1. Keeping all protein chains in position, work out how much accessible area HIS46 exposes to a 1.4 Å probe, and write it in Å² to the nearest 10.
2. Looking at the P(r) of segment 1-141, how many percent of alpha-carbon pairs lie beyond 27 Å?
3. Can you tell me the length gained on complete extension of the stretch ASN6 to GLU20, counting 0.36 nm per residue apart and subtracting the Cα distance?
4. Using a 1.4 angstrom probe on heavy atoms only, work out the carbon and sulfur share of the accessible area of the chain in %.
5. Accessible area per residue of segment 1-141 at 1.4 Å probe, in Å²?
6. What does the extension gain come out to for THR39 and GLU80, with contour length at 0.36 nm per residue minus their alpha carbon separation?
Amino acid sequence: MYGETNKICCFFGHRDAPEELLPSLVSLLEELTEQQGITVFWVGGHGQFDRLAAEAVCRLRERFPRIRLELVAAYPYAAEKPPRMADRAFLPEGLAQAPPKAAIVRRNRWMAQHADVVVTYLRRDTGGAYRAVCEARRWGKRIVPL
């Protein structure tokens with residue numbers, strides 16, 4: 001699905017991220033698009049940080065019309081219809097059989113493994129976002145803290 005020309009960025013951050021992060025996030029994504037050639041942005045669709053990331057990508061579309069925003073769903077029903085601002089939604093292979101309590105963790109693990117760059121907003125060393133960033137480090141991904 002993704003060739004060598006598509007570089008992918010995903011996001012992991014606490015669900016209570018403050019709205020004030022948006023301008024910094026837009027600037028960071030602009031830099032990643034220009035300097036790193038990122039063309040695809042993956043969000044999980046859970047919590048404030050994912051919402052801010054999606055909004056930041058949407059703001060960049062005027063300047064970079066080739067970029068795409070994709071929802072990486074944790075549950076089959078979420079992949080059926082993409083949210084209004086996403087170009088598409090998809091369920092990673094193997095997640096359809098995941099128990100509901102494990103689906104988000106498994107989706108995050110998949111994103112950490114397959115993305116090229118991971119943008120993070122972490123203020124504590126607990127929770128799902130923290131564990132997902134640890135997984136990305138394990139895979140040797142470039143981690144960009146916000």
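1. HIS46 exposes around 60 Å² with every protein chain in place.
2. Value for segment 1-141 (Cα pairs over 27 Å): 13 percent.
3. In short, 2.1 nm is gained.
4. Reported share for carbon and sulfur atoms: 49 percent.
5. About 53 Å² of surface per residue is accessible.
6. Stretched fully, the THR39-GLU80 segment lengthens by 12.5 nm.
The values are calculated or read from the model by the stated rules, or taken from the named source; none is laboratory data. Because the structure is predicted, anything quoted here is derived from the model rather than measured. Surface accessibility is based on the protein's heavy atoms, side chains included, excluding ligands, DNA and RNA. Shrake-Rupley method; radii C 1.70, N 1.55, O 1.52, S 1.80 Å.
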